[in-house]
Amino acid sequence: MGASITDFVTKTIEEMSSFDRENMECMKKVIRKAIHFYHLKSYEEVEETHLGSVRFLHVHSMMEENMLSKIVAVTRNGTTDLDIEGVYEGHVVREY
């Protein structure tokens with residue numbers, strides 16, 4: 001848990017074979033890795049519907065939401081036009 005957010009994002013993107021900053025699935029993958037790396041209590045859940053699978057992000061606390069939104073901003077080179085709500089297309093469940 002010693003890496004800064006910028007270091008974590010840089011290393012994670014380098015490890016991904018074909019990362020696209022505009023692809024929401026790539027962004028979700030970085031978020032999943034961050035949850036695991038930083039031992040967060042937030043988690044992702046996949047729900048199967050007749051239209052396909054939908055990913056829901058269950059956020060444990062405001063601190064974790066802010067951290068995950070910061071990771072999204074760093075992943076997009078500092079632009080704040082997108083947060084976890086945008087990445088998950090509104091499928092965010094706040095449990096705080």
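Derivation of every value follows stated rules applied to the coordinates shown; laboratory data play no part. Owing to the predicted nature of the structure, the values given are computational and were not obtained by experimental measurement. As a convention, Cβ positions derive from the backbone with ideal geometry for all residues, glycine included, and neighbour counts pool all protein chains shown.
Structure notes:
- Consider region 38-58 and keep the residues that are assigned to a strand (DSSP E or B), among the hydroxyl-bearing types (Ser, Thr, Tyr) and within 20 Å of Gly86 (Cα to Cα). The one that is farthest from the chain's Cα centre (by Cα) is Ser53.
- Checklist (1) under 14 Å from the mean Cα position of the chain (by Cα); (2) over 14 Å from Val87 (Cβ atoms); (3) surrounded by fewer than 14 Cβ atoms within 10 Å (Cβ to Cβ) applied to Glu25, failing item: (2)
- Residue check: Thr75 meets all listed conditions (1) surrounded by fewer than 19 Cβ atoms within 10 Å (Cβ to Cβ); (2) of a type in the set (S, T, N, Q); (3) closer than 20 Å to Glu14 by Cβ but one, namely (1).
Per-residue answers, yes or no, for (1) among the small types (Gly, Ala, Ser); (2) touching a Ser or Thr at 6+ places or on another chain (Cβ under 7 Å); (3) free of Cβ contacts under 8 Å to residues at least 40 places away in the same chain:
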residue: Ser4; (1), (2), (3): yes, no, yes
residue: Ser17; (1), (2), (3): yes, no, yes
residue: Glu22; (1), (2), (3): no, no, yes
residue: Cys26; (1), (2), (3): no, no, yes
residue: Val30; (1), (2), (3): no, yes, no
residue: Val59; (1), (2), (3): no, yes, yes
residue: Lys70; (1), (2), (3): no, no, no
residue: Tyr96; (1), (2), (3): no, yes, yes
